[in-house]
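> Handing you this structure, nothing more for now.
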2 protein chains.
Amino acid sequence: MAAEKRGDGTVGKALDVLNEVAEIGSPVRFSSLLKTSKYPKATLYRLLQTLLNQDMLSYNDEEQTYKLGLKLVRMAHAAWLQSSLAPIALPFIDELSDKVGETVHLAQLDNGQVLYVDKRNPSSPIEMYSQAGKVGPAYCTGVGKAMMAFLDEESLSRVISKQAFFKYTDFTITSEKALRKELTTIKKQGIAFDKQEHEVKIICISSPILSAKGRVIGGLSITSSIDIHSLESLQEFKPQLLKTSELIGKEAGAWNFPEQNN
Amino acid sequence: MAAEKRGDGTVGKALDVLNEVAEIGSPVRFSSLLKTSKYPKATLYRLLQTLLNQDMLSYNDEEQTYKLGLKLVRMAHAAWLQSSLAPIALPFIDELSDKVGETVHLAQLDNGQVLYVDKRNPSSPIEMYSQAGKVGPAYCTGVGKAMMAFLDEESLSRVISKQAFFKYTDFTITSEKALRKELTTIKKQGIAFDKQEHEVKIICISSPILSAKGRVIGGLSITSSIDIHSLESLQEFKPQLLKTSELIGKEAGAWNFPEQNN
DNA sequence: AACTAAGTTCCATTATTTGGAAATAGGGGT
DNA sequence: ACCCCTATTTCCAAATAATGGAACTTAGTT
């Protein structure tokens, strides 16, 4: 037995299709989905109809395209409230961002990737769309490395196996060996840096958020650009960053926030 | 024809269960769900397992509780990007919020309710998902009334039939008749006010966002409290509010934003 | 009108879901 | 330790829903 891979009957298939639409990221036509999809025409068609009925997708008559439905936005609000660290961490992040005057990110590990669940940007609002819900690579971001460094070996291997090691910049770590070495250093120092590994000019200092039992429940970072800060000057935020992470970890414990196992 | 009720096979049932968990808003035990649910024990159990497998739900071993999964947060980001007015409206809202220095909300009608898809709060920093994804009543909010006022009769009846007419404050409109009268005035003036109808002390001025063909695609509001503004002083924002709404409507047209039919 | 590509429906076959009932796991309490 | 009560999980034959190849419809082209 062992349905090792995916596949919970029809529901699994439907969510699969939903994911495909999500990943494409823009309105898609039926025929376009059909080309990628592993499901036969009639099946795919019916799955799409069902998802439409359920408001998980919306359909544009004129363009004949499908896209994700607003119902998801609605549900996600509930999910964010009840499943992310964000509501718990909120006051601490506000305070940290006020004090340091830089962009602060709160993230969690989700399926080997970094899922940003909150963000504070004290200065300008413009830049990008909201970060909550956005995902990024774990192996080349500050929060990602900070969280990985404190995983137990089993979880770590699982997460590492999901890394793409794509070379975003000249500084991106592109091998498991180099990554593991870096993680050892990070664990020793309690702090991770992103040295322009994901985006040119963007650097950050980051720490894991640990539960009372020492398990990783999230990550916190202060981000800046090399036009404003050097790695050394980011260092100065270390005490405040660690303090905030610790406070969030404590608070999470008080709220029974689950120890995850990604 | 007309599958009047709900029910797209198993997928529908699974999403139903997901909704139930979402609506409860906090981690739930199996037995607790079972009491509310229309599905028999074994069925409910398997649906929950499937949703767990798919990361739509997460399970807390110690507490034996289910809650919404992070996958939803992730998907919602994609949904927000591709299905809401927010990305299109972003620059216009930034500008409006800068100019007026007050809280600005962007909303859409979703299933008879107001779904907030973006928010700017010039004073305190952005707390993204704390508002995006939030829903509110249509009959007693500025954006809700502004949008309703410009619906065609068919859509309007549908939306009105979904209103609860709960009396939140002394000023809440609690009958269809009174609401329809108010909507007529709003349509004439092109602007709606929330006169503490939803929350005491909170007032707002609001306008619909219309497509080129005059169909409602969203709503925009400037919110304040009676401690700071009177209705008369909110009036002063009318030209800017209308202008911004118009610009967003135009831009949406350029991007082929679909005319919805709520 | 004939051709083509895209989208939709049909329906006999097959695979999944169903749900009552029984088994199992967890607590207390005595 | 034992029993009892409750909550959760598993089983399995019957019932139902999903499947997908093929046929059909629609819209756009030559």
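The values are calculated or read from the model by the stated rules, or taken from the named source; none is laboratory data. Treat the numbers as computed from the prediction; the structure is a model and nothing was measured. Quick reminder, even Gly has a Cβ in these numbers, built from the backbone with ideal geometry, and neighbours come from all protein chains shown. In case anyone asks, the SASA skips ligands and DNA or RNA and just uses the protein heavy atoms, side chains included. Shrake-Rupley method; radii C 1.70, N 1.55, O 1.52, S 1.80 Å.
> With θ taken as phi - 60° and the coefficients 6.51, -1.76 and 1.60, list the Karplus ³J(HN,Hα) couplings across the stretch A:213-228 in order, rounded to whole Hz; mark glycine and proline as x.
7, x, 8, 6, 10, x, x, 9, 9, 10, 10, 8, 10, 5, 6, 10
> Given a cut-off of under 8 Å on Cα pairs at least six residues apart, what relative contact order in percent is computed for the stretch B:9-68?
41
> Just in the stretch B:81-188: which trypsin sites (Lys or Arg not before Pro) are loop by DSSP and have at most 15 other Cβ atoms within 10 Å?
Sparse-neighbourhood loop trypsin sites (Lys or Arg not before Pro): B:Lys162, B:Lys167.
> For the stretch B:24-70, which trypsin sites (Lys or Arg not before Pro) are both in a DSSP coil and crowded by at most 14 other Cβ atoms within 10 Å?
In loop regions of the stretch B:24-70 (DSSP not H, G, I, E or B), the sparsely surrounded trypsin sites (Lys or Arg not before Pro) are B:Lys38.
> Give the Rg/Rh ratio for the stretch B:78-254, taking Rg as the radius of gyration of the Cα atoms and Rh as the Kirkwood radius, to two decimals.
Reported Rg/Rh, Kirkwood definition of Rh: 0.93.
> Ignoring everything except DSSP H segments at least 4 long, calculate the 222 nm mean residue ellipticity for chain B; use -39,500 (n - 2.57) per segment, divide by total residues, nearest 500.
Result for chain B, helices only: -14000 deg cm²/dmol.
> When only alpha-carbon atoms count, how far does the stretch A:9-73 stretch along each of its three principal axes, as whole angstroms with the largest first?
Sorted from largest, the Cα extents of the stretch A:9-73 read 25, 21, 19 Å.
> What pairs from A:Lys99/A:Lys238; A:Lys35/A:Lys71; B:Lys99/B:Lys187; B:Lys145/B:Lys187; A:Lys13/A:Lys38; B:Lys213/B:Lys250 go past 20 Å between their alpha carbons?
Violating the 20 Å limit, Cα to Cα: A:Lys35/A:Lys71; B:Lys99/B:Lys187.
> Please report, for A:Lys187, the nm distances (one decimal) from its label point, 7 Å out from Cα along the beta-carbon direction, to the equivalent points in the remaining copies, shortest first.
Values, ascending and in nm: 6.8.
> Right, next: I want the antiparallel fraction of DSSP beta bridges within the protein assembly as shown, as a percent rounded to 5.
Within the protein assembly as shown, antiparallel bridges account for around 100 percent of the total.
> Something else about it: Classify the stretch B:5-45: rounded, prolate or oblate, from the alpha-carbon gyration tensor (a ≥ b ≥ c, eigenvalue square roots; a/c under 1.5 rounded; otherwise prolate if a/b is larger than b/c)?
Oblate is the answer for the stretch B:5-45, as a/c is 1.5 or above yet b/c matches or exceeds a/b.
> Ignoring GluC sites (Glu not before Pro) that are buried or in helix or strand per DSSP, and keeping those with at most 10 other beta carbon atoms within 10 Å, what is the longest stretch of chain A between them?
Of all site-free stretches, the longest is A:128-262.
> What is chain A's relative contact order, in percent, from Cα pairs under 8 angstrom and six or more apart in sequence?
15
> What accessible area per residue, rounded to a whole number of Å², is obtained for the protein assembly as shown using a probe radius of 1.4 Å?
Computed with neighbouring chains in place, this is 46 Å² per residue.
> When each copy gets a label point 7 Å from Cα toward the beta-carbon at A:Pro239, what are the spacings between them in nm, shortest first?
In nanometres, ordered from closest: 5.3.
> Which ³J(HN,Hα) values, rounded to whole Hz and listed in residue order, are derived for the stretch B:82-90 from phi using the Karplus coefficients 6.51, -1.76 and 1.60 in 6.51 cos²θ - 1.76 cosθ + 1.60 with θ = phi - 60°, glycine and proline given as x?
In residue order, the calculated couplings are 9, 10, 9, 6, 3, x, 5, 7, 2 Hz.
> Treating the point 7 Å from Cα along Cα-beta-carbon as the label, what are the nm separations from A:Thr169 to the other copies, to one decimal?
Inter-copy label distances (nm, one decimal, shortest first): 4.9.
> Counting Lys and Arg as +1 and Asp and Glu as -1, each charge on the Cβ, what is the dipole of the stretch B:95-230 about the Cα centre in debye, to the nearest 20?
Using only the charged Cβ atoms, the result is roughly 380 debye.
> Same structure again: Compare each residue of the stretch B:28-54 in its chain alone against the assembly with all protein chains, and report those whose accessible area goes down by 50 Å² or more; 1.4 Å probe, heavy atoms.
Buried by the other chains: B:Gln54.
> While we're looking at this one, here's another question. If you project the alpha carbons of the stretch A:74-120 onto their three principal axes, what span does each projection cover, largest first, in Å?
31, 22, 15
> I need to check one value: relative contact order of the stretch B:167-262, counting alpha carbon pairs closer than 8 Å and at least 6 residues apart, in percent.
24
> Let me ask something additional. Could you please state how large a percent of the accessible area of the protein assembly as shown is carbon and sulfur, counting protein chains only and using a 1.4 Å probe?
Solvent-exposed carbon and sulfur of the protein assembly as shown make up 52 percent of the total.
> Could you state the number of Å between the C-alpha centres of the stretch B:60-93 and the stretch B:149-201?
Cα centroid to Cα centroid, the span is 29 Å.
> List the residue from chain A whose beta-carbon is nearest to the axis that rotates chain A onto chain B, together with that distance in whole Å.
In chain A, the Cβ lying nearest the symmetry axis toward B is A:Ala76, 2.
> What per residue convex hull volume, in Å³, do the alpha-carbon atoms of the stretch A:167-262 yield?
Normalising the Cα hull of the stretch A:167-262 by residue number yields 108 Å³.
> Of all the Cα-Cα pairs you can form in the stretch B:44-167, what percent are over 21 Å apart?
Percentage above 21 Å: 55.
> Using amide H atoms built in the peptide plane, which far-off residues or other-chain residues are under 5 Å from B:Ser58 H to H?
Those lying under 5 Å, H to H, from B:Ser58 are B:Lys67, B:Leu68, B:Gly69.
> Right, next: In Å² (nearest 100), what accessible area is buried between A and B, both sides summed, heavy protein atoms only, 1.4 Å probe?
5600
> Hey, got the Cα dimensions of the protein assembly as shown along the principal axes, in Å, largest first?
Over the protein assembly as shown, Cα extents along the principal axes are 69, 56, 43 Å.
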